[in-house]
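The values are calculated or read from the model by the stated rules, or taken from the named source; none is laboratory data. Everything numeric in this text was worked out from a predicted model, so none of it was measured. Note that we place each Cβ from the backbone using ideal geometry, even for glycine, and neighbour counts take in every protein chain shown. The area values use the complete protein model at the heavy-atom level, side chains included, leaving out ligands, DNA and RNA. Shrake-Rupley method; radii C 1.70, N 1.55, O 1.52, S 1.80 Å.
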Amino acid sequence: MIHQTEETREKIIRIAEGLFIANGFADTQMKDIAVAIDMSRNTLYRYYQDKYDLGFAILVVTLKRKVSLYDRIMEDIEKHQFPTVREGVSVLLNAYADIKYQADDRFIAEFDGYYAGARIPTEFRDELTKVLPTNITQRLINIILQGQSDGSIRPDLLAEHLAVTLFNAVPTFFRRMLLRQNALMEIESDAIPLLTPVLIQLLIDGMKPVK
């Protein structure tokens, strides 16, 4: 057995993430990653048993980075650091599509695209629950309830439905725009970066109390 080191794990994750983003999840094989790292395939397999195992490890790292960002913003909302809850939620939605983390979002989109439908491993949800905070959605629900109480968010929609919609709508749309780029037929490619802010504005305006 070789002696596994955290430094080597981080190197594998960093290089593999770049390959998955550049070449796609389906077209990147473990042998390609081993070559890029200058490592034998046998050694690579001692760290990660297959492509899914490696991809999942990268997914956890990327999600933890993003969750850390969301956590700070939600804490500020909970502490009333914004004029209204709805304005705080606007900051949170923009963080979902932060261009600084676009490499992470590209990888998540590639992983989600490959492991969809029947390809989703049966243990995926349970394994992800073990390594990521489980209270993110509940915190967002509580924030929505807080906004409904302060009058900045419409009270006629269930907070749970609003929270789950917001948590999925912006990241999913943003990642699709990152992946499609020149292949998006509906609009010129130079306008694509403007589309996610439009979606966010529509969502924020749609949360205003109905008169």
Residues (within 16 Å of ALA16 (Cα to Cα) and charged (D, E, K, R)) located in the stretch 50-81: ASP50, LYS51, ASP53
Conditions (1) free of Cβ contacts under 8 Å to residues at least 40 places away in the same chain; (2) more than 21 Å from GLN102 (Cα to Cα); (3) part of a loop (DSSP other than H, G, I, E, B): number failed by ILE187: (2)
Some residue of the stretch 148-156 being surrounded by 14 or more Cβ atoms within 10 Å (Cβ to Cβ), touching a helix residue (DSSP H, G or I) at 6+ places or on another chain (Cβ under 6 Å), farther than 30 Å from ILE13 by Cα and aliphatic (A, V, I, L, M): yes
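Residue-wise test of (1) closer than 15 Å to LEU63 by Cβ; (2) of a type in the set (Asp, Glu).
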| residue | (1), (2) |
| --- | --- |
| GLN81 | no, no |
| GLU87 | no, yes |
| LEU93 | no, no |
| TYR101 | yes, no |
| ASP105 | yes, yes |
| GLU110 | yes, yes |
| TYR114 | no, no |
| GLY117 | no, no |
Checklist (1) open to solvent by 60 Å² or more (accessible area, probe 1.4 Å); (2) within 14 Å of the chain's Cα centre (by Cα); (3) hydroxyl-bearing (Ser, Thr, Tyr) applied to THR137, failing item: (1)
Single match in ASP105, ASP112, ASP98 (criterion: open to solvent by 30 Å² or more (accessible area, probe 1.4 Å), closer than 23 Å to ILE12 by Cβ and of a type in the set (Asp, Glu)): ASP112
Failed criterion for ARG125 (all others in (1) within 18 Å of ASN168 (Cα to Cα); (2) open to solvent by less than 80 Å² (accessible area, probe 1.4 Å) hold): (2)
Within the stretch 157-171, tally of residues that are surrounded by fewer than 16 Cβ atoms within 10 Å (Cβ to Cβ), β-branched (Val, Ile, Thr) and farther than 25 Å from LYS211 by Cβ: 1
Test: residue in the stretch 191-199 that is of a type in the set (Ser, Thr, Tyr) and open to solvent by 50 Å² or more (accessible area, probe 1.4 Å): no
Helices (runs of 4 or more DSSP H) fully within the stretch 1-77 counting 3 or more residues that are open to solvent by 70 Å² or more (accessible area, probe 1.4 Å) and more than 18 Å from PRO171 (Cβ to Cβ): 6-23, 41-47
